[in-house]
Each structure stands twice: as C-alpha cells, then as structure tokens.
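Trainee: Mind looking over this structure? Questions follow.
Only the coordinates and a few stated rules stand behind these numbers; no lab work does. Bear in mind the structure is a predicted one, so any value in this text is a computation, not a measurement. Don't worry about glycine lacking a Cβ; one is built from the backbone with ideal geometry, like all the others, and counts go over all protein chains shown.
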Amino acid sequence: MSQRIVSPCVGLCSTTVGDSVCRGCQRHDVEIHDWMTMSSEQRECRIQELDAMRVEVATRFLCVVDAQCLEDQLKRYRVRFRDAQPALSRVVELLRVGRDRIQDLSRYGIALEPSAPDDPQQLYVALGQALAEAGERRRRGEPDARSCERLEDERLEDSAI
C-alpha cells in the first residue's frame, strides 16, 4: 500500500525558469529537489515553516474575521487547502486561484488592513512580492526565517504554559 506524500506544490514551479524560490509554494530550489527524499517529519516541518512565513507576511495585509466562512468558500469553489493549514495561509491559496474573480473579500471572511490594496489582484501582487522576499530570506537562513528548530522550541514553550 502506498502513502500519499503531502506537498505544498501548486503545480507551476517558477524554479524551472530560474527562480531560487518558487513563487507558488515558496519552497527554495534545494527543498524542491530534496522533497521526495525527506522523511514525513521533515516535510511536515517544512510545511509548518512555510505556513508560519505566510501567516507572518499575510498579517501585514489582511486578517481573517470569519475562519468558517473562509473554509466554506474554499470548499464551495474547490480551492485546495490542508485541514491543519492556518486561515491566513489558506487566504494565500484563495488569492492565488481567485484573485481575478473575487469582488468582495468580506464575503470570504477576510478584512483588509488599512494600508493594503483593496483590489484582489493588486493585493495578490503585493502579497506575492512580500512572500518572495520572505522566501528568499528563509532560503538564506536569515534570523527572521522560522526554522524547524525554532518552531519546535515554540511548541515546547506553548505546551509548558
């Protein structure tokens, strides 16, 4: 029996055109190359890092005011997401596939920060640029990049509370 390998891949990898960090899934080229050889724990850790990065970046632009509404709309429009995926990371997926059709973000349980572009296409461009920059910092291992070790430390601190 085979086990499905979870991947954040969105099906269009910009590393094939020379990017060192994929614009779709925000993994860097080495991670993409090594993904199939990683243990399930290593892959899960990388997915958690990517989710944490997306949440950190997306918080600058928007907030989820109704997570159930967001989930219902994702299901309605068949936008792929993971059960354990944070709501703000899910918004990145929603904007990736629906930015051309979305008229009113509040119908998805989303509110914009005052400085964020109010047009979903422009919002996605700004979010994409910020994610690309964060992904590049993560690739280089800069201090603000959340590593698996930092995530594990945070989990231990949370469980001690």
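Trainee: Given labels modelled 7 Å from the Cα in the Cβ direction, how far is it in nm from MET36 to ALA67?
Mentor: Label at MET36, label at ALA67, 3.5 nm between them.
Trainee: Label 7 Å along Cα→Cβ of THR59; segment 90-109 residues with amide nitrogen under 17 Å?
Mentor: Counting backbone N atoms under 17 Å from the label point, the list is 90-92.
Trainee: I would also like to ask the following. Among TYR77, TYR108, GLY98, flag the residue with its Cα farthest along the positive direction of the charge dipole of segment 76-118, charges on Cβ as +1 for Lys/Arg and -1 for Asp/Glu.
Mentor: My answer, from the dipole projection, is TYR77.
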